[in-house]
Structures are given as structure tokens and as C-alpha cells.
Amino acid sequence: MMTLDVSSLCRATGGRAVLARWGEYLAETLRQVPPGVDVVLISLQSGMDAVANTQTDAQGRYRFEQPEIGTAPMLVRVIYQKTNYHQNVPPGRTTADIEIFEATATRKDLQVASRLLIVQPNGPILLVGEEYTVHNHSNPPATFAKEFEFRIPEGAELSQVAAWGPAGMPVVQGTTTKGKNHFGVPFPLRPGENGIRISYQLPYASNQATVGAPALYP
């Protein structure tokens, strides 16, 4: 397990507050701090726009100076072993801690503890939400870095996918197409309880529709 520990320093520049953010990785399993790890600062004011990029230095530290930090919703993304880890930084916050694990968990370490379906008619279409609660039981604790796969019913149109880790903060995710009505979510499933929320819509002109598709996990 690795912990991204972030502290902050505020200074005045031309009458504007600029927040300089530092972070350091503490590699408990490797017993060393990994340098050269990509870190991205993302603005959430109008979507997800990358506003700054950097890498950890030889001591595993990084620094951002951006006027919006602390005043507008932001997101820190750390890219480790080809896996994205995120942490929300809401207005008023000056720290963000991100847990990072070795990406060695396998599919057998995952268990879908629950799968909820919510439907809402909206004229000629049916809005459907599916929410998976996924437990990662890996021991020693490790991240499942492969994509979480799911299917949607025939004729459905995928709208959005969000995911969250044990911290419980949903983040909108991109998807990859695996086949017809078959998708993957490149979200790291950390040790403990994770969640995947899938939104799609179905034709509903005849006031009937088939929701749900066979689950790909036990």
C-alpha cells in the first residue's frame, strides 16, 4: 500500500491567493518512494479539464500552484502502474490523501455483494440505473487494475458511468467497448468496498422494456 500525503502552503501573488500543494508517496510494500509518477490537477467547474501536470521528484514529492485550488472544485489524479487514482479537492480543502496499492489483485479477489436496479419512465424512454457494490478481498491488500466489465440490455443506450472507492466519492468514468452491449470501466477497485453506477436508457413507447443483463461476476 502507498499513501499520497498532501500538505499545503498559501502565499499572496499580486493580490491573489495561490495555493502550492506538495505530496509525498510512502511506499510501504516497496520501502522506497517512487519518483517520476504522473500527477494531474483537474478542474471540475465545467466538466473535467486538466489544468496542470507534473511528476513526483526524486523524493516522491510534487507541487502545484494554481489560483483555483481551495476556491473551486478540483480533482487530483495520480497515474501509477497504468492505473488512475483520484481524490476530490472541494472548495475550502487544502489537503488530499490518496491511497495507492500495487496492482496485483485478480478477478477471483472480487465479489459483487449487491446489484440494485432503479427505473424511471420518461415519456417514450425508460431511464435505468444499475448500482454494483463490489468487494475486493485481496490479501495482502492490492488493487484490481483491470477493467470492471458489464453488459446492458439489447437496444439500450449507455448514458453515464460513475465509480467510487472506499472513500465513497463518485467520479464520472470513461468506458471502453468490448463488444455489442458489452463495456469495461477502467477504474481501480481498491481493497474494501467499491461502487459502480451505470445509467442507460431503453425505448419505452409500448410501456414495456427488459431491464438488466446477465452479470459477469459472481
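Taken together, the values in this text are just the output of simple stated rules run on the coordinates, not laboratory data. In this text, all values refer to a predicted model and were calculated from it rather than measured experimentally. Positions of Cβ are backbone-derived with ideal geometry, glycine not excepted, and every protein chain shown enters the neighbour counts.
Given charges of +1 on the Cβ of Lys and Arg and -1 on the Cβ of Asp and Glu, with all other atoms neutral, how large is the dipole of region 103-173 about its Cα centre, in debye to the nearest 20?
I would put it at about 240 debye.
Run the simple label-point estimate for Ser159 and Gln55 please: 7 Å along Cα→C-beta, distance reported in nm.
Placing both labels 7 Å along Cα→Cβ, they lie 4.2 nm apart.
Taking the dipole about the Cα centre of region 38-126, with the C-beta of Lys and Arg at +1 and of Asp and Glu at -1, give me whichever of Ile125, Val89, Pro73 is farthest to the positive side.
Ile125
How do Thr133, Thr143 rank when sorted from fewest to most other Cβ atoms within 10 Å of their own Cβ? Each step should come with its number before you reach the end.
Working: Thr133 14, Thr143 25.
Fewest to most other Cβ atoms nearby, the residues stand as Thr133, Thr143.
So how do Phe183, Phe148 line up by other beta-carbon neighbours within 10 Å, fewest first?
Details: Phe183 19, Phe148 25.
Ascending number of Cβ neighbours within 10 Å: Phe183, Phe148.
To the nearest 0.05, how large is the calculated FRET efficiency for Ala113 and Gln208 if R₀ is 30 Å and r is the Cβ-Cβ distance?
It comes out at approximately 0.50.
In region 32-121, what % of DSSP beta bridges are antiparallel (nearest 5)? Walk me through the numbers before you get to the answer.
Numbers: 19 of 20 bridges.
DSSP beta bridges in region 32-121 are roughly 95 percent antiparallel.
Rounded to the nearest 20 debye, what is the charge dipole size of region 74-218 about its Cα centre when +1 sits on each Lys and Arg Cβ and -1 on each Asp and Glu Cβ? The partial results should precede the final answer.
On the way: 12 positive and 11 negative charges, 41 e Å.
The calculated dipole for region 74-218 is roughly 200 debye.
Plugging the Kirkwood radius over Cα pairs into Stokes-Einstein for region 48-185, at a temperature of 4 °C and a viscosity of 1.567 mPa s, what D comes out in µm²/s?
Working: Rh = 17.7 Å.
Result for D is 73 µm²/s.
If you take the charge dipole of region 107-203 about its Cα centre, with +1 on Lys and Arg Cβ and -1 on Asp and Glu Cβ, which of Ala142, Gln173, Pro188 is farthest toward its positive end?
With unit charges placed on the Cβ atoms, the residue in question is Ala142.
To the nearest 0.05, how large is the calculated FRET efficiency for Asn122 and Met48 if R₀ is 30 Å and r is the Cβ-Cβ distance?
For Asn122 and Met48, the calculated efficiency is 0.70.
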